[in-house]
Amino acid sequence: MARVCDVEGCGLPHRSRGLCEMHYRRAKRAGQLPPLPPKAPVAPGRRRLAVIEDAMWLAGTDSPEAIASRLGYTSWDSLEAALRPLGHAPLVRAILDRRELPKHIRDDGTLEAIPA
Ligand SMILES: [Zn+2]
């Protein structure tokens, strides 16, 4: 079902910030637009990439269990299970060996770790 306006009883199609075109314009004119959500939900693919980047940063800095915990995983096993299918065996090995990965920050600010 397509999203509709948040205003109770309105039911018009959603345009922006939870509002339909009419309520959006009305709120904008009144200077009362609802704030943007703090952070857009991260797409699952992007979230996986973020986990990989974070794990690359943390490799070698702490025990595998501690790294998993810092990344929000309940155990090293669950973090490993998340990384392995993504073709990151070298990263998994580095974490297990407590070995830091050489890192390189690309021009666009994203991180590239070079598995040794
Ligand atoms: Zn509306």
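The values are calculated or read from the model by the stated rules, or taken from the named source; none is laboratory data. Quick caveat, the model's predicted, so the values are computed rather than measured. Reconstructed Cβ throughout: ideal geometry from the backbone, glycine too, with neighbour counts over all protein chains shown.
Look at region 1-13 and say how many of its residues are more than 8 Å from the ligand (Cβ to nearest atom) and of a type outside the set (A, V, I, L, M). Number satisfying all stated conditions: 4.
Just so you know, in region 14-29 the residues that are more than 9 Å from the ligand (Cβ to nearest atom) and without any contact (Cβ under 8 Å) to a residue 12 or more places away in the chain include one that is surrounded by the fewest Cβ atoms within 10 Å (Cβ to Cβ), and it is Arg29. Just one of the numbered conditions (1) surrounded by 15 or more Cβ atoms within 10 Å (Cβ to Cβ); (2) modelled with pLDDT of 90 or more; (3) of a type outside the set (S, T, N, Q) is not true of Asp97: (1).
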